[in-house]
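In what follows, a structure is listed as structure tokens, so that the remarks can point back to it.
The values are calculated or read from the model by the stated rules, or taken from the named source; none is laboratory data. Everything quoted here is computed from the prediction, not taken from an experiment. Heads up, the Cβs are rebuilt from the backbone with ideal geometry, glycines too, and the neighbour counts pull from every protein chain shown.
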Amino acid sequence: MATTTGAAAKARKPSGDSLADALKRTLDRPLTSYHIVVGVTGLLLCLGLLMVLSASSVLSLREYDNPYAIFARQAMWVGIAGPIAWVTSRLPQRLIRALSWPALLVSAGLIFMTYLPGFGVLVNGNRNWISFGGPFQLQPSELAKLALVLWLADVYARKGRLLREWRHLIVPMMPVSAVIVGLVIGQSDLGTALVLFAIVLGMLWVVGAPARLFGGALLVVLVTVFALATTKQERVARLTSFVDPISEYGANGWQASHGFFALATGGLWGRGIGASSQKWGGLPEAHTDYIFAIIGEEFGLFGTLVVLALFATLAYAGIRIAARSKDPFVRYASAGIVVWLLSQALINIGMVLGLLPVIGIPLPLISYGGSALVPTLVALGLLMSFARHEPGAQAALRTRRRAPRTRARA
């Protein structure tokens, strides 16, 4: 009897080990990073479309006499950006790297055009949009995020061993980045400037800048942000109201307060899809900057944690791609994309949770807006391209292509 019991226990033991081994084997597969990026991107896009439809239906009905008007535009942008991301995932890495310089020059030129009469458009107090006539408008600072990541990755990769000297860590990267950030700040777009600051600091960290240099750069950024935040009365009001928005409920605290109301009424599991009460006019920008609050109201704490888990998984995949690559450009670009998307998501979520002032920045892949969606999907297409060139990935792809032919012949 004892022998039988011992044999049974011994038989059960490998099942736990086999589960861990199976997980390890799955993570060790050459295409795991690729599948994670594709899967998480698809899930966030689907969630984004669903939430844009829910959060914008009342506004669409009131403004356009069609509850699906804003959703249709977002679906159109997904239809445009999706194929572009797919093409990007198939581009040779040499071509991607060669496009980094033209991309930076084009994005800087487009940002400069916002200052020109007849082109620049004022939206919510920020002159950060270009109008080409008709309904089509473009926010070029969104393109600058991707362009800056690729350009910094290319320059740092070219410098190689020279990065051991501090001056090669900051020249020409810091002066050029300062010009781009300065152009964005001139548009009064402090939110986008914060993301650009995060990209620059993140890239310094990735290339291994000494703690003294990194700390100095961080101090400069903090002083600059504080100085900018206190130059306009509107920004000062936002800084003082976010600490206790309820006290300024009828003024600067209105949006933040209604964001809290949405999160509070969502509870653990939410009120159900489409059941938000804040989208009826209480919460401004419900389908853009504050869409995370609508997620919390309709899907509860569970839904918000799922969103956080998806972004964390996407960050894991990007870091995994960077760690497994032997190409310096791929390492820096992958890490830069992770810094960009994760910092933007954290700033947006921190704003909705009341941890940061309301500075108007979209939640990647979920908030409404084509200008933000297209560069984001292109960046994720680049991650897919980098993942397809991980060690053993190309051989695995060739094996998958041959498998259907072999089955067909059989």
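Selection within segment 246-301: residues that are surrounded by fewer than 17 Cβ atoms within 10 Å (Cβ to Cβ) and of a type in the set (S, T, N, Q). The member of this set that is modelled with the lowest pLDDT is Ser247. Quick one: is Thr231 polar (S, T, N, Q), at pLDDT 80 or above and out of contact with any Asp or Glu (no Cβ under 8 Å at 6 or more places or on another chain)? For Thr231, the condition - polar (S, T, N, Q), at pLDDT 80 or above and out of contact with any Asp or Glu (no Cβ under 8 Å at 6 or more places or on another chain) - is not met. Residues in segment 185-207 that are within 17 Å of Asp289 (Cα to Cα) and over 19 Å from the mean Cα position of the chain (by Cα): Ser188 alone.
Does segment 30-43 contain any residue that is farther than 22 Å from Gly259 by Cα, exposed (fewer than 14 other Cβ atoms within 10 Å of the Cβ) and at pLDDT 95 or above? Step through it out loud before you land on a result.
Quick first cut of segment 30-43, residues farther than 22 Å from Gly259 by Cα only: 30-43.
Right, trim to exposed (fewer than 14 other Cβ atoms within 10 Å of the Cβ) and you get 42.
Applying the additional criterion that residues be at pLDDT 95 or above yields 42.
Yes.
Note on segment 308-327: residues that are buried (at least 23 other Cβ atoms within 10 Å of the Cβ) and β-branched (Val, Ile, Thr) total 1.
Within segment 148-171, work out how many residues are over 22 Å from Ala108 (Cβ atoms) and not in a helix (DSSP H, G or I). Show your work before the answer.
Here is the first cut: in segment 148-171, the ones over 22 Å from Ala108 (Cβ atoms) are 160-168.
Narrowing further to those that are not in a helix (DSSP H, G or I): 165.
Matching residues across segment 148-171 total 1.
Assess whether Ala85 counts as being under 18 Å from Ala333 (Cβ atoms), surrounded by 15 or more Cβ atoms within 10 Å (Cβ to Cβ), in contact (Cβ under 8 Å) with a residue 12 or more places away in the chain and within 18 Å of the chain's Cα centre (by Cα). Here the answer is yes, as Ala85 does meet what is asked.
Evaluate segment 349-369: report whether one residue or more is at pLDDT 95 or above, assigned to a helix (DSSP H, G or I) and either crowded, with 24+ Cβ neighbours inside 10 Å or touching a helix residue (DSSP H, G or I) at 6+ places or on another chain (Cβ under 9 Å) (or both). Yes, segment 349-369 contains a residue that is at pLDDT 95 or above, assigned to a helix (DSSP H, G or I) and either crowded, with 24+ Cβ neighbours inside 10 Å or touching a helix residue (DSSP H, G or I) at 6+ places or on another chain (Cβ under 9 Å) (or both).
Among the residues of segment 105-119, write down those that are outside any helix (DSSP H, G or I), modelled with pLDDT of 80 or more and not β-branched (Val, Ile, Thr). Talk me through it step by step, then tell me what you get.
Pass one, segment 105-119, residues outside any helix (DSSP H, G or I): 114-119.
Then keep just the ones that are modelled with pLDDT of 80 or more; that gives 114-117, 119.
Passing the criteria: Tyr115, Leu116, Pro117, Phe119.
The number of residues in segment 274-320 that are touching a residue at least 60 places away in the same chain (Cβ under 8 Å) and under 24 Å from Pro67 (Cα atoms) comes to 16. Restricting segment 89-124 to residues that are out of contact with any strand residue (DSSP E or B) (no Cβ under 8 Å at 6 or more places or on another chain) and polar (S, T, N, Q) leaves a set whose member that is surrounded by the fewest Cβ atoms within 10 Å (Cβ to Cβ) is Asn124. Step by step: first the residues of segment 172-201, then only those that are assigned to a loop (DSSP other than H, G, I, E, B) and out of contact with any Lys or Arg (no Cβ under 7 Å at 6 or more places or on another chain), then the one that is farthest from Leu342 (Cα to Cα). Which residue is that? Out of the qualifying residues, it is Pro172. Among the residues of segment 202-212, is there at least one that is assigned to a helix (DSSP H, G or I) and within 18 Å of Leu105 (Cα to Cα)? Taking every residue of segment 202-212 in turn, none turns out to be assigned to a helix (DSSP H, G or I) and within 18 Å of Leu105 (Cα to Cα). Every listed requirement among (1) touching a residue at least 24 places away in the same chain (Cβ under 8 Å); (2) crowded, with 18+ Cβ neighbours inside 10 Å; (3) more than 30 Å from Leu152 (Cα to Cα); (4) not basic (Lys, Arg) is met by Val330 save one, (3). The numbered conditions (1) modelled with pLDDT under 90; (2) closer than 20 Å to Ala379 by Cα; (3) not polar (S, T, N, Q) are all true for Leu310 except (1). A residue that is of a type outside the set (Lys, Arg) and assigned to a helix (DSSP H, G or I) occurs somewhere in segment 123-140. Which condition number does Ile170 fail, the rest of (1) surrounded by 15 or more Cβ atoms within 10 Å (Cβ to Cβ); (2) closer than 30 Å to Leu365 by Cβ being met? Among (1) surrounded by 15 or more Cβ atoms within 10 Å (Cβ to Cβ); (2) closer than 30 Å to Leu365 by Cβ, the lone unmet condition for Ile170 is (2).
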